[in-house]
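Presented below is the structure to which this report refers.
The values are calculated or read from the model by the stated rules, or taken from the named source; none is laboratory data. Note that this is a predicted model, so its numbers are computed, not measured. With ideal geometry, Cβ positions are generated from the backbone for all residues, glycine too; neighbour counts draw on all protein chains shown.
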Protein chains: 2
Amino acid sequence: MPYVSHQIRLACRPTGAPKPENFRSEEHTVREPGDGEVLLRTMYLSLDPYMRGRMSAAKSYAKSLEIGDVIMGGTVSEVIESRSVGLEPGQIVLGQGGWQSYSTERASELRVLDPDQAPVTTALGVLGMPGFTAYSGLLAIGDPQPGETVAVAAATGPVGSAVGQIAKIKGCRAIGIAGGPKKVAYLDELGFDAALDHRDDDLAGRLAEAAPDGIDVYFENVGGAVFDAVVPRLNLYARVPVCGLAATYNSTEAESGPDRLPELMGLVLRKSLTLRGFIQNEFRPSMFDDFLTDMSGWVRSGQLKYREDITDGLENAPEVFAGMLAGANFGKTIIKVGES
Amino acid sequence: MPYVSHQIRLACRPTGAPKPENFRSEEHTVREPGDGEVLLRTMYLSLDPYMRGRMSAAKSYAKSLEIGDVIMGGTVSEVIESRSVGLEPGQIVLGQGGWQSYSTERASELRVLDPDQAPVTTALGVLGMPGFTAYSGLLAIGDPQPGETVAVAAATGPVGSAVGQIAKIKGCRAIGIAGGPKKVAYLDELGFDAALDHRDDDLAGRLAEAAPDGIDVYFENVGGAVFDAVVPRLNLYARVPVCGLAATYNSTEAESGPDRLPELMGLVLRKSLTLRGFIQNEFRPSMFDDFLTDMSGWVRSGQLKYREDITDGLENAPEVFAGMLAGANFGKTIIKVGES
């Protein structure tokens, strides 16, 4: 029986913030699975800031989308047809189905999820790529030591909230930065030692108060004004894992001066700072098993909380995605993809 | 018998390049050594770019000089009087006598040199702080692997020339950047695989030709235009040990735009770069013994060559120092301090 997949494709590259006209909807019959492949029905689609980069033609660590491509994305799906001995219809898997309601994928690239162990949506967030980004970047690059101070922005997001809570588990002081009073209140609930609203005045001054002993690890996933406020507070030998620069993803032109590069390099030198960019894939071979064990345990024990922001309907993905880049989400952004 | 020390002191802080009026000469009777101290006659004074930073009031990794202080500096000296059981008159020691012809220092802070093992001036260069800066930064942070490409600027200087030659010893392709045809010719002599003159046009284009496989380690001791040319050539996972920014030490104001910081951070992210500032002291406890063994061996076997630029007379130190910051030196800058 042929299945029709509702798809959202890249119509044209966004300039600045993504707009509805950058996307177009299409319907296509799903390709029948070949040997070693399965046909999947998408249940949940993950929306993540990195997708904005793929929509640009600019060279990145990953291949850009071509105009007309289905937008990529992590998905939780149900197996409908299987031509792989390891998978059976009805099983739930984590894959890369993208912004569409059905997909055909290679079984070898899927991970089977057990709904009895954890809600399947967690495979897109706290127990998936964002959680592992937090875990690997903080532990492998940030190397937080008990008593040190760790700061993170977008701190109610799936990466930032895990960074802060893992920092607490490791015996650090955690400072979270987020936008708006509701998010700041949630950081208190998560156990952050200090929670700052980047929309209020004088972030630099409030950060100085919140980090009286300076900052030893700044987990960079935002860039922009928060980075400017944090950098002067970095301690000797501070580490800055850089996993994202969400504040700049929509920027369209070189910023005017002054040129802040010489000052940053001067600080790198005088404070023996480490700035280290990374993509979580780098650490998968060495750390993913430990991550699943540790994080599942912390989630089960209640030491690590997470929050999901789920919207119904694939057709809403473009708008929800644009909102997420502007900070409108509150927790891990997920689209629940309806039956079709 | 009292000894009179000719001294050069900081008269006022330089604005931009140091000028004669920033220094003043004085003569003072040297303090007699107390218990555990020795009275030393300066034979050689090391001039190093870091001293420019100490002449500024700006907060740095080390205490600034106060107005009126004798300028600091590494020195090779002869023991004249000793009140330490370990040291005898006539011995040659490495210390921190500064810009003066006699000094009184604590014996515990000196290292005895053996003139039969190596010329004593090497303790200020290839077998001293600059050599160790090259060795520790390149090996501990740069982590060069056989077949990788290592680039370094100020490549005929005491740090840069050691970086390139150690890179060769470790099986890497070494690219050196220096100012003027004589220095470039010397890099060929040292065995660099490519030697570029930063004064010629289109450094970025020539660098692209010289590094067809990109750059894996850029040892940063200069900053400025060389950094701009190198950064676009950095490979995925490239490492940038940052030990100096000599090109900016004399700069007096924030540079005008465009702001290059967002672009750099974008590259750090997309290429998983490591930028790591350091001061060689950080690695002394763990690496200095290996350094002395390795470097002495390489110098003896002729695998690692060095060049010294020695000027007679302490009174010339201010002019030679300013020249060095402008790239006028050719090799490790040393002042031979005359008898008095």
*Working carefully through the options B:97, B:86, B:147, find the one that is free of Cβ contacts under 8 Å to residues at least 60 places away in the same chain, surrounded by fewer than 19 Cβ atoms within 10 Å (Cβ to Cβ) and over 30 Å from residue B:211 (Cα atoms).*
B:86
_So if I check each of A:274, A:248, which one is at the interface with another protein chain (Cβ under 8 Å from one of its Cβ atoms), of a type outside the set (Lys, Arg) and touching a Pro at 6+ places or on another chain (Cβ under 6 Å)?_
A:248
*Look at residue A:48 and say whether it is surrounded by fewer than 20 Cβ atoms within 10 Å (Cβ to Cβ) and of a type in the set (D, E, K, R).*
no
*Checking residue A:6 against (1) over 24 Å from the mean Cα position of the chain (by Cα); (2) farther than 26 Å from residue A:329 by Cα; (3) in a strand (DSSP E or B), which test does it fail?*
(2)
_residue A:241 surrounded by 23 or more Cβ atoms within 10 Å (Cβ to Cβ) and under 30 Å from residue B:279 (Cα atoms)_ = yes
*Starting from segment B:184-206, take each residue that is assigned to a loop (DSSP other than H, G, I, E, B) and list its partners that are buried (at least 21 other Cβ atoms within 10 Å of the Cβ) and among the charged types (D, E, K, R), counting only C-beta distances under 8 angstrom and pairs at least six apart or across chains.*
B:193/B:173
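Condition check ((1) closer than 19 Å to residue B:150 by Cα; (2) at pLDDT 95 or above; (3) basic (Lys, Arg); (4) not assigned by TED's automatic domain parsing to the domain that holds residue B:191) across all residues:
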| position | (1), (2), (3), (4) |
| --- | --- |
| B:229 | yes, no, no, no |
| B:236 | yes, yes, no, no |
| B:240 | yes, yes, no, no |
| B:245 | yes, no, no, no |
| B:259 | no, no, no, no |
| B:266 | no, no, no, no |
| B:272 | yes, yes, no, no |
| B:287 | no, yes, no, yes |
*Could you check segment A:217-331 for strands (runs of 3 or more DSSP E) lying wholly inside it with 1 or more residues that are over 30 Å from residue A:8 (Cβ atoms)?*
A:234-242, A:274-277
*Would you be able to tell me the number of residues in segment A:106-125 that are within 30 Å of residue A:22 (Cβ to Cβ), buried (at least 21 other Cβ atoms within 10 Å of the Cβ) and of a type outside the set (S, T, N, Q)?*
4
*If you go through segment B:41-60 one residue at a time, do you hit one that is modelled with pLDDT under 95, aromatic (Phe, Trp, Tyr) and in a loop (DSSP other than H, G, I, E, B)?*
no
